[in-house]
Amino acid sequence: MLGTLGFLELAAAKGLVKLPEMLDRLRLTNMHLSDLLYQEALTRNQERQQLRDPKNQ
């Protein structure tokens, strides 16, 4: 089973969406996303980007 956050992370990993922008937009809705989950998702996204393109660190 995959939730909204996991779905967005997968889409970001495939380059289909920009995760920070999507999470900010999601927070404008009535869906609850804790600060901790928000930060952890952004950290994972940044780590994936660094692995994909290490020279852009």
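What follows draws every value from the coordinates through simple rules; no lab data is involved. Being a predicted model, the structure only gives us computed values, none of them experimental. So basically every Cβ, Gly included, is an ideal-geometry build from the backbone, and we count neighbours across all protein chains shown.
If you put +1 on each Lys and Arg Cβ and -1 on each Asp and Glu Cβ, how big is the dipole of the chain around its Cα centre, in Debye rounded to 20? Spell out each step's value before the answer.
Details: 8 positive and 7 negative charges, 43 e Å.
Using only the charged Cβ atoms, the result is roughly 200 debye.
So I have (i) 10.2, 31; (ii) 12.1, 37; (iii) 11.6, 38, and one of them is Rg and Dmax of the Cα atoms in Å calculated from this model. Which one is it?
Label of the calculated value: (iii).
Under a crude label model (7 Å from the Cα following the beta-carbon direction), how far is Glu40 from Leu28 in nanometres?
It is 2.6 nm.
Over the chain, what is the relative contact order in percent, taking alpha-carbon pairs closer than 8 angstrom and at least six residues apart?
33 percent
If the label point is 7 Å along Cα→Cβ of Leu2, which residues in the stretch 19-57 have backbone nitrogen under 16 Å from it?
The answer is 19, 45, whose backbone nitrogens lie closer than 16 Å to the label point.
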